[in-house]
Structures are given as structure tokens and as C-alpha cells.
Amino acid sequence: MIAVIALVIGVAAGIFLEPTVPLGLQPYLPIAVVAALDAVFGGVRAKLDGIFDDKQFVVSFVSNVLVAALIVYLGDKLGVGGQLSTGVVVVLGVRIFGNVAAIRRHLFRA
């Protein structure tokens, strides 16, 4: 219940405060969101499998976001940021869809 209340407060704060992302960080935001979604869906899958560990979830969440941002940063410095961003999104997208498929199998027994 606390998580739902925090989510509602966060969404309301985002709507009313209208935060802006600094121009230098804008290329990293979509990658960070996809990496965070990967960790969230992985956590839901682990919960349904009965192997969820809160410490592992937090470490996975933070490390996914940091590693994805680091890869995009290195790509920008090497001049191939777009290609590495695409690679990160594809890899994390495959993981997200794999986790969603496992969640669907748990929920619908199909």
C-alpha cells in the first residue's frame, strides 16, 4: 500500500511541478527509464516465482540504470551514441518482453 501511495504522490508532484531535465542529461533519460522498467518487470517476475529479494532488486535497479547510462555516455564520447543507445534498448527490450511473457504465464497459466 505504501508503494501505491508513493506512486500517486510522485505522479501528482510530476504533474504539478513540471520538472525539466537538463539538456546534457536528456539523451540518457530514455535509456534510464528502459533500464528501470527491466528491473521492475524482473522484480515482478521474481515475486511471482517466489524468489524475490529486496536487496537484489535494489542493486539490480540501480546497476541497470548506471550501466545503461554508462554505455550511452561512452557511445557519445566515441561518436557512436545512437548505435549503442539502440543496442541497449534492444537488449533491455528483449529482457522486458521475456519477463512480461513469464508474468503472463504465471497469471493466466498459459
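Miscellaneous remarks
- Potential extension, ALA32-VAL91 segment - 0.36 nm per residue separation minus Cα distance: 19.9 nm
- Dipole in debye (nearest 20) - the chain, about Cα centre, beta carbon charges: Lys, Arg +1; Asp, Glu -1: 400 debye
- Counting only protein chain heavy atoms and rolling a 1.4 Å probe, the accessible areas of ILE71, ILE103 rank, largest first, as ILE71, ILE103.
- Choice from ALA46, ALA13, ALA36 with maximal GNM fluctuation in the chain (Cα, 10 Å cutoff): ALA13
- For the chain, accessible area per residue (1.4 Å probe, heavy atoms of protein chains only), Å²: 72 Å²
- For region 27-105, the alpha carbon convex hull comes to 65 Å³ per residue, rounded to a whole number.
- Across ASP54, ASP76, ASP38, mean-square fluctuation computed from a Gaussian network of the chain (C-alpha pairs under 10 Å connected) peaks at ASP54.
- A Förster distance of 22 Å, applied to the separation of the beta-carbon atoms of LEU70 and VAL40, puts the FRET efficiency at 0.65.
- Cα-centred dipole magnitude for region 4-69, charges only on beta-carbon of K, R (+1) and D, E (-1), debye, nearest 20: 40 debye
- Our coupling estimate for region 43-58, obtained by passing each phi through the Karplus curve with A = 6.51, B = -1.76, C = 1.60 and θ = phi - 60°, is x, 5, 4, 4, 4, 5, 7, x, 10, 5, 10, 5, 5, 5, 5, 5 Hz, Gly and Pro reported as x.
- Of the Cα atoms belonging to region 27-69, the radius of gyration and Dmax stand at 10.6, 36 Å.
The values are calculated or read from the model by the stated rules, or taken from the named source; none is laboratory data. Note that the structure is a prediction, hence the values are computed from the model and not measured. Cβ sites come from the backbone with ideal geometry, for glycine too, and all protein chains shown count toward neighbours. Please note that ligands, DNA and RNA were not included when accessible areas were found on the heavy atoms of the full protein model with its side chains. Shrake-Rupley method; radii C 1.70, N 1.55, O 1.52, S 1.80 Å.
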